[in-house]
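A quick write-up on the structure given underneath.
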Amino acid sequence: MWLELERSRHTHFPLGIHIFLQLNIVGLFFSYMNITRRTLSSACRWININCIRNISYSQCAMTSSRHINSKRIEGLDKNVWVAFTSVAADPTIVNLGQGYPDIPPPAYVKEALANAAAVDKLNQYTRGFGHPSLVKALSQVYGKVYGHQIDPFKEILVTVGGYGSLFSTMQALVEVGDEVIIIEPFFDCYVPMVRMAGATPVLIPLRLRSNKETSSVSSADWVLDPEELASKFTSKTKAIIINTPNNPIGKIFTKGELQTISDLCIKHDTLCISDEVYEWLIYKGHQHIKIATLPGMWDRTITISSAGKTFSVTGWKLGWSIGPEHLIKHLQTVMQNTLYTCPTPLQEAVAQGLLRDYELMGQPECYFSSLAVELEGKRDRMAAILQDVGMSPIIPEGGYFMCVDVTPLNQDLPHMGDDEPYDYKFVKWMIKEKVRKNQQLDATSYLRFKWHTIPFIYLTFV
Amino acid sequence: TVNEKVPNFEFRLIMARQLHARRIEGIDKNIWVDFTQLAADYKVVNLGQGFPDFSPPSYIQEALCKAVNGGCSMHQYTHAFGHPPLVSILAKFFGRVVGHEIDAFEDILVTVGAYQALFCTFQALVDEDDEVIIIEPFFDCYQPMVKMAGGKGVYVPLRPVSMEGGKALTSADWVLSSEELASKFNPRTKAIVINTPNNPLGKVYKREELQVIADLCIKHDVVCISDEVYEWLTYDGAKHVKIASLPGMWERTVTIGSGGKSFSATGWKVGWAIGAGPIVKHLKTVHQNSVYHCATAAQEAVAQGFQREYELFGTPESYFLQLPEMLNQKRKKLATCLESVGLQPILPEGGYFMISDISSLKVDLNDPSTQDEPHDYRFVKWLIKEKGLATIPVSAFYSPEHRKDFQNYIRFCFVKEDSTLNAAEDILRKWSD
């Protein structure tokens, strides 16, 4: 195991009584309000690994004041990240990286890529808005899911991951001065992307139902207050971003909840950006609903998905946006002026994977369902272990992640500094006291992330 | 009385206010989207878009297969700013080329093709009302990217000067006027974009020419964006010079390169920006807020490719020598063919392309659908529809202001199998008979 705290994925939590640590397979996500440079360098010392990268925002002498950054990226570099590289061989070091599976992708998907790479033509440029065989496969799969025809060339855009779809959407549709409503906790990139588009993020938190005890909480118990939500819509609101299943909590918005949101979208004439990258990871008893299928919503919604999350190949960085032509065409304009086209062999391989699973849709062998079944077992196992050690997990209805309330552990941490959120201190304490000292780590002290991995990795810590 | 139009209920479903952001206004037209579609619709011999129709070298295809079969980590996220094996070898390789150390983790950003490196550069450095000098003819995306960043393109053309009273026959004959170039610099100038070897002309800027540009950059404190995707493809002894290696230029230059062009695998979309850390860090900010990561396996394969090329550099086994040698033959073959049918080629010193003067051709372009378009657009479309040969009109590589002055050239890509070039030759000969 090796320690690598990476920047990429961390989420913002509303400050409140419950302190949550999002657990992620190879990363600890922690809220980082007001993390200062001093804190980062302190973290460096405590963790004490070879830092091959010095995080310094302004130490390099600027050769010229004219070579300054454009205003649009002002303040967006400081999305806190700490990059430590693993001293890979050191067995005392714990891998706390970002969110991705460490089980292999399905064999037929890898084979499809190897096959594609062997075809000369597939090593050259393809159609900018999406490789024809891929958009046609997407049209088939999602035509079935949506229950209406989806034009592969006008209503789909293939992008560099779900991330690229989010970016294309913001750049295409969000204007300087607009407001964009974001539901907390949220996948961290939403805010900087909204800001880079010159717009203002307007935040609204999910809150735990008031009548809930903290034992046996599910992500379904975290809800929006409809009145509070309504109050966030103003004449400047251009869009609302929803993420279902949600990262990090794992909430799957119910039809009723989506209806409330869509009523407001229609009433205030706003767009909806629906991040559904975890759409297939739905656990028993729950159903994923596409807000774009609600009345009046198709024309004002962009729905975003990810090959990386669908086929456990995050390193392929392919995603897509689906929506009406009058919106998608603007995303396509952004695409043709940003990176033009996505890699061809990867797109071909995803197309093959989709076609295979399209035939099996609804059957247990379909990877879209079989992955969810596999992960559900791991979810339950992890939840049980956490509960055993006195923590209170929020059982997610979907997705990759599980959040855990550590307050029941009642760990007092005055010696960990006093200008940081409790959860950040807790994590550092964990690393310093429980990991770094290489004690007899038992299940109680090791916080697992998402369960999307072979559980035995966890156990080797003992 | 006026009959009121029946209200269009469809519009009630779409927002009453403007949907799209202003930043994408005026950049929705794209020549590649149009002409690739056209080439696909008609059965054509395609010398249009710039990509090889032959295979990448086998070792690079093998490297990708190896990466694909190489364990879990090849299919999951790698480091955001570049897969460590790739940035490390790029630093080593190009450090040796420029003659000073390049920091793999500070001075390099890996991007989704050179295209995205250009995007990150403009977004990172160009603000509203900044001016960016662009030398014409230019790869078409510079203009809309500057526009999307709120900047203003300021154009200065290469002009053909005849040598010893004869026609301007090679790309070396197309030059900048130093005075004209100097006049374009002012306090609002943020950057200048150069592309060497140049697309579409094939010009390879000489050291003296780059020195003139460098002097102006230093004098006016301007960033130089140097698009060098065709850096290995120079012919007839022309030498590729990196402007970043000139004195005073490293700290103000972003040099952009392409795995796709280096290894004849354009569909992999692996590119990079190399420059001084303080500038590259801003490109990284754009990158981390737009795509964040690039595909891992492709980066691993390109890293393997560069490792091999590092060891074989300068030897006959180096692909970076074999490729220009192979393309040189094709370049000469196409040039001969074009000359023989009265299409005066301008012999390129480097790159993938050759442009040809069509002004001597008398063709009845009786196509009402292209009536209002520039002459070269009309000609290219006619050539596709009537003769089954695809090329690209060169006025697409000029600013809206200057387009009308350069309507008599079309661009051919000669990075094609001999069979493709032969087929093109057949079409041209038949037509000239």
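The values are calculated or read from the model by the stated rules, or taken from the named source; none is laboratory data. Keep in mind that what you see is a predicted model, and the values were worked out from it rather than measured. Heads up, the Cβs are rebuilt from the backbone with ideal geometry, glycines too, and the neighbour counts pull from every protein chain shown.
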If a residue must be of a type in the set (Gly, Ala, Ser) and either over 18 Å from B:Gly259 (Cβ atoms) or more than 9 Å from chain A (Cβ to nearest Cβ) (or both), how many such residues does the range B:43-63 contain?
3
Keeping to the range A:184-196, report how many residues are in contact with a Phe, Trp or Tyr (Cβ under 9 Å, 6 or more places away or on another chain) and either within 9 Å of another protein chain (Cβ to nearest Cβ) or crowded, with 24+ Cβ neighbours inside 10 Å (or both).
4
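A quick yes/no check of all residues on (1) in contact with a Gly (Cβ under 9 Å, 6 or more places away or on another chain); (2) assigned to a helix (DSSP H, G or I); (3) free of Cβ contacts under 8 Å to residues at least 24 places away in the same chain:
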| site | (1), (2), (3) |
| --- | --- |
| B:Ala117 | yes, yes, no |
| B:Cys120 | no, yes, no |
| B:Asp127 | yes, no, no |
| B:Pro144 | yes, yes, no |
| B:Val154 | no, no, no |
| B:Leu181 | no, yes, no |
| B:Ala191 | yes, no, no |
| B:Ile194 | no, no, no |
| B:Glu209 | no, yes, no |
Sort out which residues of the range A:166-183 are part of a loop (DSSP other than H, G, I, E, B) and either surrounded by fewer than 23 Cβ atoms within 10 Å (Cβ to Cβ) or more than 10 Å from chain B (Cβ to nearest Cβ) (or both), and write them in order of number.
A:Glu175, A:Val176, A:Gly177, A:Asp178
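When the residues of the range A:334-345 are narrowed to those that are assigned to a helix (DSSP H, G or I) and surrounded by 24 or more Cβ atoms within 10 Å (Cβ to Cβ), which ends up nearest to the other protein chains (Cβ to nearest Cβ)? Even if it seems obvious, please write down each step before you answer.
The initial filter retains those residues of the range A:334-345 that are assigned to a helix (DSSP H, G or I), namely A:334-336, A:344-345.
Subsequent filtering for residues that are surrounded by 24 or more Cβ atoms within 10 Å (Cβ to Cβ) retains A:334-335, A:344-345.
On the way: A:Val334: 6, A:Met335: 10, A:Thr344: 3, A:Pro345: 6 Å.
Looking at residues that are assigned to a helix (DSSP H, G or I) and surrounded by 24 or more Cβ atoms within 10 Å (Cβ to Cβ), I get A:Thr344.
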Going through (1) outside any helix (DSSP H, G or I); (2) among the charged types (D, E, K, R); (3) touching a residue at least 24 places away in the same chain (Cβ under 8 Å) one by one, B:Glu373 fails only at (3)
May I ask you to verify whether A:Gly362 is touching a residue at least 24 places away in the same chain (Cβ under 8 Å) and of a type outside the set (S, T, N, Q)?
no
Taking interchain pairs and intrachain pairs at least six residues apart, which have beta carbon atoms under 7 angstrom, with the first residue in the range B:279-294 and more than 7 Å from chain A (Cβ to nearest Cβ) and the second of a type in the set (S, T, N, Q) and buried (at least 24 other Cβ atoms within 10 Å of the Cβ)?
B:Leu283/B:Thr121; B:His287/B:Thr111
Matching option when the condition is surrounded by fewer than 17 Cβ atoms within 10 Å (Cβ to Cβ), in contact with a helix residue (DSSP H, G or I) (Cβ under 6 Å, 6 or more places away or on another chain) and part of a loop (DSSP other than H, G, I, E, B), among B:Glu101, B:Glu106
B:Glu101
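Residues checked against (1) in a strand (DSSP E or B); (2) away from chain B (no Cβ under 13 Å); (3) among the aromatic types (Phe, Trp, Tyr):
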| residue | (1), (2), (3) |
| --- | --- |
| A:Leu113 | no, no, no |
| A:Ala116 | no, no, no |
| A:Lys121 | no, no, no |
| A:Gly128 | no, no, no |
| A:Ala137 | no, yes, no |
| A:Gln149 | no, yes, no |
| A:Phe153 | no, no, yes |
| A:Gly164 | no, no, no |
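For (1) assigned to a helix (DSSP H, G or I); (2) out of contact with any helix residue (DSSP H, G or I) (no Cβ under 6 Å at 6 or more places or on another chain), each residue gets a yes or a no:
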position: A:Gln347; (1), (2): yes, no
position: A:Gln352; (1), (2): yes, no
position: A:Tyr358; (1), (2): yes, no
position: A:Gly362; (1), (2): no, yes
position: A:Leu371; (1), (2): yes, yes
position: A:Glu376; (1), (2): yes, yes
position: A:Asp380; (1), (2): yes, yes
position: A:Ala384; (1), (2): yes, yes
position: A:Pro393; (1), (2): no, no
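State the number of residues belonging to the range B:386-410 that are small (Gly, Ala, Ser) and either in a loop (DSSP other than H, G, I, E, B) or without any contact (Cβ under 8 Å) to a residue 12 or more places away in the chain (or both). Before the answer, list the steps.
Residues of the range B:386-410 that are small (Gly, Ala, Ser), as a first pass: B:388, B:390, B:395-396, B:399.
Imposing the further condition that a residue be either in a loop (DSSP other than H, G, I, E, B) or without any contact (Cβ under 8 Å) to a residue 12 or more places away in the chain (or both) reduces the set to B:388, B:399.
Number of matching residues: 2.
From B:Ile134, B:Ile102, B:Ile108, B:Ile89, grab the single residue that is within 30 Å of B:Ser183 (Cβ to Cβ) and more than 10 Å from chain A (Cβ to nearest Cβ).
Details: B:Ile102 fails: within 30 Å of B:Ser183 (Cβ to Cβ); B:Ile108 fails: within 30 Å of B:Ser183 (Cβ to Cβ); B:Ile89 fails: within 30 Å of B:Ser183 (Cβ to Cβ).
Answer to the check: B:Ile134.
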Residue check for A:Thr169: of a type in the set (Ser, Thr, Tyr) and over 24 Å from the mean Cα position of the chain (by Cα):
no
Scope the range B:411-433; condition part of a loop (DSSP other than H, G, I, E, B) and in contact (Cβ under 8 Å) with a residue 60 or more places away in the chain; matching residues
B:Phe414, B:Val415, B:Lys416, B:Glu417
All positions within the range A:278-299 that are touching a Lys or Arg at 6+ places or on another chain (Cβ under 9 Å), under 26 Å from A:Ile395 (Cβ atoms) and free of Cβ contacts under 8 Å to residues at least 60 places away in the same chain
A:Glu279, A:Gln287, A:Ile289
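Give me a count of the residues in the range B:340-357 that are within 12 Å of B:Leu428 (Cβ to Cβ) and out of contact with any helix residue (DSSP H, G or I) (no Cβ under 6 Å at 6 or more places or on another chain). Quick ask: steps written out before the conclusion?
Residues of the range B:340-357 within 12 Å of B:Leu428 (Cβ to Cβ): B:340-343, B:345, B:356.
Subsequent filtering for residues that are out of contact with any helix residue (DSSP H, G or I) (no Cβ under 6 Å at 6 or more places or on another chain) retains B:340, B:342-343.
Final tally of qualifying residues: 3.
Taking only the range A:297-320 into account, find how many residues are charged (D, E, K, R), under 14 Å from the mean Cα position of the chain (by Cα), in a helix (DSSP H, G or I) and within 7 Å of chain B (Cβ to nearest Cβ).
Keep residues of the range A:297-320 that are charged (D, E, K, R), which gives A:299-300, A:309, A:317.
Of the ones still in play, those that are also under 14 Å from the mean Cα position of the chain (by Cα) are A:309, A:317.
If we keep only those that are in a helix (DSSP H, G or I) too, we end up with A:309.
Of the ones still in play, those that are also within 7 Å of chain B (Cβ to nearest Cβ) are none.
Final tally of qualifying residues: 0.
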Using beta carbons and a limit of 8 Å, which pairs, at least six apart or on different chains, have the first residue in the range A:249-264 and farther than 27 Å from A:Ser235 by Cβ and the second one in a helix (DSSP H, G or I) and not charged (D, E, K, R)?
A:Ile249/A:Ser219; A:Gly250/A:Ser219; A:Lys251/A:Ser219; A:Lys251/A:Ala220; A:Ile252/A:Ser219; A:Ile252/A:Ala220; A:Thr254/A:Ala220
Going through (1) more than 29 Å from B:Phe313 (Cα to Cα); (2) modelled with pLDDT of 95 or more one by one, B:Lys167 fails only at (2)
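Give the residue that is surrounded by the fewest Cβ atoms within 10 Å (Cβ to Cβ), with candidates limited to residues of the range B:228-237 that are away from chain A (no Cβ under 14 Å) and touching a Ser or Thr at 6+ places or on another chain (Cβ under 9 Å).
To start, the set of residues in the range B:228-237 that are away from chain A (no Cβ under 14 Å) comprises B:228, B:230-237.
If we keep only those that are touching a Ser or Thr at 6+ places or on another chain (Cβ under 9 Å) as well, we get B:228, B:230-232, B:236.
On the way: B:Glu228: 22, B:Tyr230: 28, B:Glu231: 25, B:Trp232: 22, B:Asp236: 14.
Per the criteria, the residue is B:Asp236.
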